[in-house]
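Everything on this sheet refers to the single structure shown next.
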Amino acid sequence: MRAFFLYLARRESFKNFALNFKFFRNTASRFIAGDTLDDAIQAVKQANRRGIMGTLDLLGENTLTQEDAHSAREELIQAQDRIDKERANCNLSIKLTQLGLNLNPVFCEQNLVRIAEHAKNLDNFVRVDMEDSSCTDRTLEIVERTYRNLGNVGTVIQAYLYRSERDAVALVEKGIRIRLVKGAYREPEEIAFRRKKDTDANYVKIMKRLLESGTYHAIATHDTSIIQTALEFVRTKKIPRNRFEFQMLYGIRRDMQQKLASEGYNVRVYIPYGARWYPYFMRRLAERPANVIFLLRNLLSERKINGKSHSDL
Ligand SMILES: Cc1cc2nc3c(=O)[nH]c(=O)nc-3n(C[C@H](O)[C@H](O)[C@H](O)COP(=O)(O)OP(=O)(O)OC[C@H]3O[C@@H](n4cnc5c(N)ncnc54)[C@H](O)[C@@H]3O)c2cc1C
């Protein structure tokens with residue numbers, strides 16, 4: 001089922017079909033703060049009130065024209081200004097294909113540099129998300145150069161890739177901040193673990209290296225058993241709570257986000273917003289069969305409501 005939803009995430013024809021249905025959008029709204037920057041800022045403020053930091057994701061990937069990439073850059077700069085104006089505890093997460101990676105890597109890098117410079121002036125940080133494996137090398141190269149020049153960017157390592165431990169070590173040596181995730185794309189078995197237990201084992205192995213590295217990294221997972229392992233590890237190694245953070249996605253395991261924050265751990269929630277939510281939502285469906293059941297329930301309840309309103313008329 002995971003493979004099926006990740007396949008659909010890339011199909012424009014299914015996207016156009018699915019977007020006609022209100023239940024589809026209603027279900028997506030569990031994972032997305034809203035269509036506008038106002039919606040996103042409101043979600044950040046709510047999180048901040050609960051002692052949780054935010055990272056905003058302006059939805060959009062695989063931008064098809066330089067004009068669109070340019071508009072995304074300007075929207076992201078606006079978002080930074082708004083975060084600053086509202087004094088929100090929040091930074092940005094950015095996908096390089098939104099800034100034109102697949103159109104022209106030099107143009108994409110210029111866009112990232114512009115955003116990172118702006119963030120630096122505002123004393124803020126930029127996280128570069130990791131996309132599918134066709135982007136890995138280019139993303140790491142661009143992040144490393146931008147980090148060398150500006151210092152306020154970090155990136156993401158996906159534990160399902162065989163190469164990731166090596167990449168993580170190289171980034172750690174340079175002092176670059178890492179968000180460690182399991183990985184959300186469909187990758188061939190020549191380059192990625194297929195079995196969850198292998199990905200989990202690699203995650204834990206890399207996580208321990210990051211936690212001991214002395215650099216401030218992010219442990220991004222909702223996996224209770226991995227979070228427990230992290231907590232035991234930092235306790236044993238006497239790693240202070242302010243030397244790393246946990247990250248989770250908007251709408252997922254809110255209880256655990258709150259529990260960790262109230263125990264004094266740094267917690268950040270990843271808050272997506274904007275109209276281009278389709279591929280993000282499909283990846284969330286792929287991760288958990290229960291989300292598909294939730295989607296189907298919404299379909300049934302919409303049918304019931306429609307049925308009722310017809311009979312009421
Ligand atoms: C802050 C953050 C940023 C991320 N950035 C990236 C990125 O840049 N690149 C990338 O490839 N991936 C990214 N991801 C996604 C990541 O790769 C995983 O796909 C996702 O986090 C699910 O894996 P998991 O670690 O939670 O573990 P899993 O083993 O998948 O899940 C563990 C438990 O978490 C809960 N859970 C997990 N997913 C869902 C869901 N969709 N809906 C409801 N419950 C769920 C369930 O209780 C599940 O049993 C990010 C994840 C987070 C938290």
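Data for the structure
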{"item": "Any chance ASN16 is in a helix (DSSP H, G or I) and at pLDDT 85 or above", "result": "no"}
{"item": "Residue in the stretch 222-244 that is crowded, with 19+ Cβ neighbours inside 10 Å, closer than 25 Å to GLU144 by Cα and of a type in the set (A, V, I, L, M, F, W, C) present", "result": "yes"}
{"item": "Selection within the stretch 244-263 - more than 12 Å from the ligand (Cβ to nearest atom), farther than 21 Å from ALA159 by Cα and not hydroxyl-bearing (Ser, Thr, Tyr)", "result": "GLN258, LYS259, LEU260, ALA261, GLU263"}
{"item": "Single match in TYR162, TYR203 (criterion: surrounded by fewer than 20 Cβ atoms within 10 Å (Cβ to Cβ), among the hydroxyl-bearing types (Ser, Thr, Tyr) and either under 16 Å from the mean Cα position of the chain (by Cα) or farther than 30 Å from GLU86 by Cβ (or both))", "result": "TYR162"}
{"item": "Matching helices (runs of 4 or more DSSP H) fully within the stretch 163-248 where at least 3 residues are under 21 Å from ARG284 (Cα atoms) and free of Cβ contacts under 8 Å to residues at least 60 places away in the same chain", "result": "196-212, 224-237"}
{"item": "Count of the stretch 249-258 residues which are in contact (Cβ under 8 Å) with a residue 12 or more places away in the chain and in a helix (DSSP H, G or I)", "result": "3"}
{"item": "Every residue from the stretch 269-292 that is touching a Gly at 6+ places or on another chain (Cβ under 9 Å) and within 13 Å of the ligand (Cβ to nearest atom)", "result": "VAL269, TYR270, ILE271, ARG284"}
{"item": "Residue in the stretch 3-26 that is among the hydrophobic types (A, V, I, L, M, F, W, C), within 16 Å of the ligand (Cβ to nearest atom), over 29 Å from ASN111 (Cα atoms) and in contact with a Leu (Cβ under 6 Å, 6 or more places away or on another chain) present", "result": "yes"}
{"item": "Any hit, the stretch 251-267, residues being crowded, with 21+ Cβ neighbours inside 10 Å and under 26 Å from LEU76 (Cβ atoms)", "result": "yes"}
{"item": "Qualifying residues in the stretch 220-237 (those that are within 9 Å of the ligand (Cβ to nearest atom) and hydrophobic (A, V, I, L, M, F, W, C)) - the one farthest from LEU180 (Cα to Cα)", "result": "ILE226"}
{"item": "One residue from ALA79, ALA159 being among the hydrophobic types (A, V, I, L, M, F, W, C), closer than 30 Å to THR199 by Cα and touching a residue at least 40 places away in the same chain (Cβ under 8 Å)", "result": "ALA159"}
{"item": "Meets criteria (surrounded by fewer than 21 Cβ atoms within 10 Å (Cβ to Cβ) and in a helix (DSSP H, G or I)) for PHE281", "result": "no"}
{"item": "Among (1) more than 10 Å from the ligand (Cβ to nearest atom); (2) closer than 26 Å to ARG25 by Cα; (3) touching a residue at least 60 places away in the same chain (Cβ under 8 Å) - the single one ASN266 does not satisfy", "result": "(2)"}
{"item": "Among the candidates THR146, THR155, residue that is under 17 Å from CYS135 (Cα atoms), within 14 Å of the ligand (Cβ to nearest atom) and surrounded by 22 or more Cβ atoms within 10 Å (Cβ to Cβ)", "result": "THR155"}
{"item": "Which numbered condition ASN306 fails, given (1) at pLDDT below 90; (2) within 15 Å of the ligand (Cβ to nearest atom)", "result": "(2)"}
{"item": "Selected residue [within 12 Å of the ligand (Cβ to nearest atom), in contact with a helix residue (DSSP H, G or I) (Cβ under 8 Å, 6 or more places away or on another chain) and at positive phi] from GLY183, GLY214", "result": "GLY183"}
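The values are calculated or read from the model by the stated rules, or taken from the named source; none is laboratory data. Just so it is clear, the structure is predicted and the values come from calculations on it, not from any experiment. As a convention, Cβ positions derive from the backbone with ideal geometry for all residues, glycine included, and neighbour counts pool all protein chains shown.
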